[in-house]
Structure formats: C-alpha cells, structure tokens
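Structure, as structure tokens:
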Amino acid sequence: MNTISLTSLFSILIFLIILAAFFAAAETSMMALNRYRLRHLAKQNNRSAKRAEDLLKRPDKLIGMILICNTCIIELLPVVATLIALRLWGEGSVLAATAILIIVVLILCEIMPKTLAALYPEKIALPATWLLTPLQLILQPVVWLLNGIVNKLTKTFGVDINESRQDHLSAEELHTLVRDGALLPQRRRGMLLSILDLEKSQVDDIMIPRNDVIGININEDIDTIIEQISTSQHTRLPVFKDDINDIIGILHMRNLSRFLHLEEPTKQELLKLCQQPYFIPESTPLHTQLFNFQKSKERIGLVVDEYGDVLGIVTLEDILEEIVGQFTSDFANTTQDITPEKDGSYIIAGSANLREINRTLKWNLPSRGTKTLNGLIMEMLEDIPESSVCLQIDDYLIELLQIKDNSIKSVRIMRKHGKEKEDQETENL
C-alpha cells in the first residue's frame, strides 16, 4: 500500500464515492419508475426503457445486484480513507477521518443521490441501465446464490417472493390514478371516471319512474293513439293495456311510416309493428346492463322488481349520459323538473330524480336509498306534510310549495352561498 501514491489514493476515494452515489441513485430511481409509463416508452422502441423493464421483471435480482456492488464499495471506502489519514496526519487521525467519512457518505452517497433519484427517476434510471444490465449478467451467479438463501429465509416466515410480486391495478387504484395523476383534459378525465363509476350504480338509480313513462294505451281509441304517435318526441314507446304492468311490446317510430299512411289504420296493424319487451332486474349494475344492451341489440328496457312489477324504463341513452353527461347544452333550462329563479333558487318537481338534480346543478343532495326529491323530503320529515313547511337538508334550504295526493309536487331549494362558493373554488383547483 505504501507504493501507491497519495494522489492515487485520493483518486480511488473519489471514484468509490461516485460509484456509491451512482448505485444509491440507481436503486431509488429504478424503484420509483412509473411502470405504466415505462411500458409505454418500451413499446415506442426506447432501448433504455426496454432494458429497465427487463431489469424490473425480477426486482429481487436487481436489488440484490445493486446491494452487492454498493456493500463492496462502502467496505472499501474506510480502508482508503484510513490510508490517506495515516499518510497525512499519522495514527491519531484515524478516528477523525472515520467521522468525516461518515458525514461525506451520508451526504454524497445516500441523501443527495437518493433525493435526486426520487425527484427525477426517468432521467437517472434509464441511462443507468447501460451499466446495470451488464453488471447483472456478470454478477448473476452471486446474485442467484444470495437470492436463493433469502428466498429460503423468507419462506420460513410464510412469505413467497414470487407470489407476492404483483403488477396490477384494482378498480379503486385505477380510479385514483385517473383522478389524481392522469395528464388528461378535465372532460376526458371525467368520462373515464364515469366509466369506472358505472359499477357503483344500478339501473333503478337512473331509470325513468313508471309514473313519468310516456307510452301508448292500446285501449284508447285509434284517433287518440295516432295523435299521440304523431306528436311524440320519443323514438320508442311502450305499448300496454291500461297499466304498464300489462305490457304488450315496444313500438319503434321508424316502423310507423306505412301504418300512418294506411287509409284505415287499426290497432291490429299497430300491434303487428310492436317488438317484444325487454325486461331488466332493478339491481342490475349499469356496466353490466351496458354490455347486455350491446349483446341483445336492444336500446330500451323495462325495469322490474322481484315480483315482476314494472318500476320504470331505462334506455341505452340514459347509460351513455352517465358517461358523457347530458346531450343538451343546458339541462337546467330545458327540463320541466328544474326551473331556475332570479334569486338563485330553483323550483324543482317533487318527482325529480336526485341523481339528475345533483348532476345537473352540481349539488350533493343525499341520494342513497331514496331516488326522488319527494322521497328524500318525506324520509327526513318522517311524515306526509299537510301544509307547506320549510326544512334544511345539509346545506340546502327547502320550502315546500305544493302538496297534493299525499305527495310533494314542487319545492323551492336554495343552496347556502358560502358552501356554493367553497365548492366552486374546489372545482376550479
């Protein structure tokens, strides 16, 4: 050792510090890489990304190789530092040299490189693969031996490294990734989140209640039926006898041209144009029903309860609106259920669906359990009010305007301005 010059010892010390910093940064940056972005880069024929992806297929081997190299370097550092101290200041300086080395290693070989690697994983990890890949091949026998010992030890504690390694996202994790991490325009992000949220809702959450269903009562006279068909704004109408539970079929307007031009249109001719009704259990999740519509080539279905009674109807358009939003430009101005007032309040029909109100006005009225505004208010009051009353539900001030036939027909709702402003600021962020 005395034959090695002091300059050479300093060069070796600096080189070892650089190597230790490199392996510390390489370990942190490789573990911090976004696996899905890495996969995307690899598909674009990025060679460094391909090498990184290959290395991360067995992270236990990668970490083992890095630790072997780093441990050897850390063990050599105090030896070289001691030789330098002995040359410069004699035996009494060894303790001081060790203390200085600890500080240097902590700052230059641990804290600083790992911090930079965590902040810029791609910029460090991808170039590092040029050295890590050949090193893994060279040290493969040693890594295999050490990993074999580690695997045996971990199995004694009931842990299997091969089975524990997973690279899949759950639905909740994917939801969080899209909401918080996806670099997408707000509208596209909202559509993706809506698709993920389909499984949380059922068809009875978005169906048109039976009381609001517009259909053809075949027991009406033919002139009334023809007038209803001619003025209808819907492309499909259910056909029934007096009550929608006695359903006959579904009539598609595109099949009515020949019928309307008959000299004497009859109910029998109309019934020939009806298609078989399509029934949907009320508890069917929306994402399941979307695929069922696609599979059955249907666009409208009747929602039934466990007893077979019709609760309402749901269409393919209703499910698509859950994903892309309302097709109209300003639903609050076009629907008959919601009427905006000059003072900022809204006149809302008691039969209005709570989900539609929340989605249209960006509100947060409780929508678990009850489906309509009428049901929510009665649930809160625990009674059928005999006269107009006022109440507050969360941050919403509600005044009952019209009560008829044991149900609430219309209400006035105003949201507290402070809460509305706070939510608006949160949305802008």
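The values are calculated or read from the model by the stated rules, or taken from the named source; none is laboratory data. This is a predicted model, so every value here is computed, not measured. No Cβ is skipped: glycine too gets one built from the backbone with ideal geometry, and neighbour counts run over all protein chains shown.
Here are a few things to note about the model shown:
- Scanning region 290-307 for residues that are assigned to a helix (DSSP H, G or I) and touching a strand residue (DSSP E or B) at 6+ places or on another chain (Cβ under 6 Å) gives no hits.
- Phe23 being of a type in the set (Phe, Trp, Tyr) and either within 19 Å of Trp130 (Cβ to Cβ) or without any contact (Cβ under 8 Å) to a residue 24 or more places away in the chain (or both): yes
- Qualifying residue in region 24-37 (condition: assigned by TED's automatic domain parsing to the domain that holds Trp144, under 36 Å from the mean Cα position of the chain (by Cα) and within 30 Å of Leu6 (Cβ to Cβ)): yes
- Only one of Leu174, Leu193, Leu184 that is in a loop (DSSP other than H, G, I, E, B) and either modelled with pLDDT under 80 or not assigned by TED's automatic domain parsing to the domain that holds Pro59 (or both): Leu184
- Test: residue in region 235-258 that is surrounded by 12 or more Cβ atoms within 10 Å (Cβ to Cβ) and over 19 Å from Val213 (Cα atoms): yes
- Within region 337-367, being touching a Lys or Arg at 6+ places or on another chain (Cβ under 7 Å) and of a type in the set (S, T, N, Q) holds for Ser345, Asn353, Ser367.
- Across region 211-231, the qualifying residues are those that are of a type outside the set (Val, Ile, Thr) and under 26 Å from Asp405 (Cβ atoms), and the one among them that is surrounded by the most Cβ atoms within 10 Å (Cβ to Cβ) is Gly215.
- Wholly within region 308-389, helices (runs of 4 or more DSSP H) carrying at least 3 residues that are surrounded by 15 or more Cβ atoms within 10 Å (Cβ to Cβ) and either at pLDDT 85 or above or out of contact with any Leu (no Cβ under 9 Å at 6 or more places or on another chain) (or both): 316-324, 354-361, 373-381
- Odd one out for Lys342 among (1) more than 17 Å from Asp204 (Cα to Cα); (2) touching a strand residue (DSSP E or B) at 6+ places or on another chain (Cβ under 7 Å); (3) charged (D, E, K, R): (2)
- Condition met for Leu16 (closer than 15 Å to Leu126 by Cα, buried (at least 20 other Cβ atoms within 10 Å of the Cβ) and not β-branched (Val, Ile, Thr)): no
- Checklist (1) within 46 Å of the chain's Cα centre (by Cα); (2) over 30 Å from Lys50 (Cα atoms); (3) not hydrophobic (A, V, I, L, M, F, W, C) applied to Gly90, failing item: (1)
- Residue in region 288-296 that is under 26 Å from the mean Cα position of the chain (by Cα), surrounded by fewer than 19 Cβ atoms within 10 Å (Cβ to Cβ) and of a type in the set (Lys, Arg) present: yes
- For region 52-86, a residue qualifies if it is crowded, with 16+ Cβ neighbours inside 10 Å and among the charged types (D, E, K, R), and the qualifying residues are Glu53, Arg58, Asp60, Lys61.
- Residue match in region 104-121 (condition: surrounded by 14 or more Cβ atoms within 10 Å (Cβ to Cβ), assigned by TED's automatic domain parsing to the domain that holds Tyr36 and over 19 Å from Ile17 (Cα atoms)): yes
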